[in-house]
Amino acid sequence: MNSNTPKFDQAIQQYFAGLELDKKGGQWRTCRFSGEKFYVRPEDVKFYRKISVPLPTLSPLERWRRKLAFAPGYQFFKVRSAHTGKEVISVYPANTPFKICEHEIWFSDQWEPLTYGKVPDAEQPFFDQFRELQREVPRPNLNNDSSNVNSEYTNSSMHLKNCYVTFDSVYGEDLYYFECCTNNKNCMDCWACLSADSCYGSHGTKIFKCSFCYWTENSIKSYFLFDCKSCEYCFMCSNLRNKKYCFSNQQLSKEEYEKKIREINLGNYEELQKYLRDFQELRRNAIKKNIYGEKWVNSVGSWMVNVKDCYFVLFAYESEGVCYSLGFLGARDSYDVLGGTNMELCYEFLAISAENNYGIKFSHTTNNSRDLEYCDSCFSCHDCFGCVGLRNKSFCVFNKQYSPEEYWRVVDLLKTHMLGRGEYGEFFPPALAPFPYNASLTTAYPGFEDLEKAKQDGYWIESAPDDASVETSLPMLRASELPLDIKDVDDSILQKVILDEEHNKKFRIVPFELAFYRKYNLPLPRVHPFIRMAQWRKDMDLRLQFWEVPCAKCGKVVPTMYDPARGEKNIYCEPCYNAKVA
Ligand SMILES: [Zn+2]
């Protein structure tokens with residue numbers, strides 16, 4: 001078969017021919033951002049060769065950070081629409097250099113992205129030209145389609161009804177302060193839930209009326225559970241299976257349990273804080289499996305279900321041959337993807353809420369597409385290079401339409417020159433991120449807090465802009481002045497602004513929320529919702545990093561996501577865990 005890009009193919013073959021690999025066929029490299037040494041495994045080299053890209057110059061962790069920096073954080077701002085001049089809710093801060101317009105308009109035929117087309121100059125630096133285009137083409141204020149009903153304050157979400165401040169979620173009703181969830185209703189402050197109903201501050205699968213339950217499945221009416229399955233009416237327990245009326249891992253009678261529960265008032269802020277501290281201690285002491293997952297084969301990662309031949313993955317479902325990636329379902333032979341459902345042969349791809357993608361490289365926020373490189377916010381496209389905001393297009397470069405023959409000629413030239421200049425083969429440079437680093441998804445993960453270092457690496461830092469949902473003309477109450485008990489909160493709180501003193505952010509309580517706290521006897525929160533939403537990953541120390549530790553029971557050294565420096569106790573290898581817990 002004749003290649004579409006003969007010049008580039010020759011250049012990349014020369015690159016691989018000159019590559020000095022070790023005996024195994026891999027190579028140690030030094031990350032150009034962190035200075036850390038990282039190993040490119042022989043199977044990685046094989047993958048890069050297969051998709052014709054050079055070896056990465058950044059460590060897996062830095063590659064992951066860079067994609068996070070291209071995704072919005074869990075917050076909203078208000079910006080002026082470049083299309084209508086109206087003020088709109090947005091994931092872009094008010095001082096964004098981009099042209100923002102209403103997503104309803106953006107996803108309509110009211111504008112034509114090809115009118116922004118430019119002729120590329122292969123001799124000139126690619127990313128300077130791309131940046132010019134990126135600043136001219138409008139971007140949607142929110143990445144939502146039209147399937148959401150009465151859910152204005154949501155992003156990267158579909159099929160939501162009556163939801164508020166909800167992100168990266170599909171199929172939900174009455175969800176407040178919610179992220180990364182599927183098929184839930186009537187919940188608040190939850191994350192990574194599947195089929196949860198009437199839950200608070202929890203994550204798990206098939207849970208009903210659970211509050212503060214982590215890694216819990218098939219459980220109902222329980223509080224403060226960690227790694228429990230099929231439990232009901234349990235309080236402050238870990239590693240339980242098929243239990244009822246357990247309190248602090250002690251079996252009680254129904255009457256004893258109910259008596260104890262009656263004496264507890266979680267609607268009191270201080271009492272709740274005490275139980276939350278106990279819960280933290282409980283989690284620290286609980287037995288943890290070195291790797292969480294079901295039906296995984298020949299893989300390194302955690303939270304893997306039905307996966308095979310995966311390496312350095314977290315939250316991986318029904319996938320095969322995926323490496324250095326997080327949060328995906330139905331992916332095959334892909335590297336460095338973040339989010340996404342149904343994809344194959346993708347590399348360095350930020351795919352949150354994206355589905356059905358094939359052969360996408362160095363791109364973000366593209367959906368239902370194939371064979372795109374260096375594209376940003378393109379939907380239902382194929383064979384495009386360096387494009388922004390296209391829908392249903394093919395054979396475009398810099399938003400300019402070509403015939404297939406011309407397209408390949410232009411792309412061959414561009415890619416060959418880019419490879420020669422060291423530009424080709426990695427994700428967009430940090431400076432091209434659509435969000436300031438400190439308003440991006442990096443804020444939700446631990447380990448990326450050093451803004452000075454980020455700046456040195458080329459990330460764009462802005463002074464943290466104020467959040468949008470606050471009207472300052474209302475009377476303000478300091479969080480520390482809030483009534484301790486929900487019983488003492490009257491409806492006037494709805495007309496006040498609360499100052500989260502610790503984070504210097506203002507927020508309000510909305511009617512659904514107040515009714516929820518009253519119904520489930522929970523005190524008013526004192527921390528701003530955006531901060532609460534970003535916190536759980538930090539509490540879990542969720543990083544795309546793995547270590548080796550001895551099993552606390554048998555001493556066998558096993559891989560784990562728990563950093564030994566954190567001093568987690570009771571990490572068990574799978575057989576020991578299964579013998580003791582499962
Ligand atoms: Zn063991």
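Rank these for me by crowding, 32, 66, going from fewest to most other beta carbons within 10 Å.
Result, fewest neighbours first: 32, 66.
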Q: Decide, for the chain, between rounded, prolate and oblate: order the square roots of the alpha carbon gyration tensor eigenvalues as a ≥ b ≥ c, take rounded if a/c falls under 1.5, and otherwise choose prolate if a/b is larger than b/c, else oblate.
A: oblate
Q. In whole Hz, what ³J(HN,Hα) sequence does the range 287-295 give by Karplus (6.51, -1.76, 1.60; θ = phi - 60°), x for Gly and Pro?
A. 6, 10, 6, 4, 9, 8, x, 9, 6
Q. For the range 1-37 and the range 422-446, what is the separation of their C-alpha centers, rounded to whole Å?
A. 23
**Q.** Rounded if a/c under 1.5, otherwise prolate or oblate - the range 207-314, Cα gyration tensor axes
**A.** prolate
Q | Cα centroid separation, the range 518-574 to the range 190-257 (Å) | A | 18
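Report, in deg cm²/dmol and to the nearest 500, the calculated mean residue ellipticity at 222 nm for the chain, where each DSSP H run with n ≥ 4 adds -39500 (n - 2.57) and the sum is divided by the residue count.
Details: 12 runs with 123 residues, N = 582.
Value at 222 nm, helices only, nearest 500: -6500 deg cm²/dmol.
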Q: Would you mind checking which residues have amide H under 5 Å from residue 101's amide H? H placed 1.01 Å from N; only 5 or more apart, or other chain.
A: 82, 139, 141
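Would you mind ranking 108, 377 by Cβ crowding within 10 Å, fewest neighbours first?
The order, fewest Cβ neighbours first, is 108, 377.
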Q.
I need to check one value: relative contact order of the range 304-430, counting alpha carbon pairs closer than 8 Å and at least 6 residues apart, in percent.
A. 11
Q. Where a Cα-Cα gap under 21 Å defines reach, which lysines qualify for residue 453, not counting those fewer than 8 residues away within the same chain?
A. 37, 67, 538
Q. Where does helix 269-285 land angle-wise versus the long Cα axis of the chain, in degrees 0 to 90, nearest 10?
A. 60
Q: Can you spot the aspartates and glutamates whose alpha carbon is less than 15 Å from residue 580's alpha carbon? Ignore those fewer than 8 places along the same chain.
A: 227
Q.
Cut-off under 12 Å on the C-alpha distance; same-chain residues fewer than 8 positions from residue 185 excluded. Which aspartates and glutamates are left, in chain and number order?
A. 173, 174, 197
Q) In the range 476-527, with Lys and Arg counted as +1 and Asp and Glu as -1 at Cβ, which of these residues, 524, 489, 509, has the Cα nearest the positive end of the dipole, that is, farthest along it? A) 509
Q. Residue by residue, what Karplus-based ³J(HN,Hα) values in Hz, rounded to whole numbers, does the range 143-155 have, using 6.51, -1.76 and 1.60 with θ = phi - 60° and x for Gly and Pro?
A. 8, 10, 9, 8, 7, 8, 10, 6, 9, 5, 8, 9, 9
(Q) So if I restrict to the alpha-carbon atoms in the range 476-527, what is the Rg, and what is Dmax, the biggest pairwise distance, in Å? (A) 10.2, 29
Q. What residues qualify as long-range amide H neighbours of residue 546, i.e. H under 5 Å apart, gap of 5 or more or another chain, H built at 1.01 Å from N?
A. none
Q) Using the count of nearby Cβ atoms within 10 Å as a rough guide to exposure, how do 205, 442 rank from fewest to most? A) 205, 442
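The numbers here are math on the coordinates, done by the rules we state, and not lab data. Just so it is clear, the model here is predicted, and its values are computed rather than measured. Positions of Cβ are backbone-derived with ideal geometry, glycine not excepted, and every protein chain shown enters the neighbour counts.
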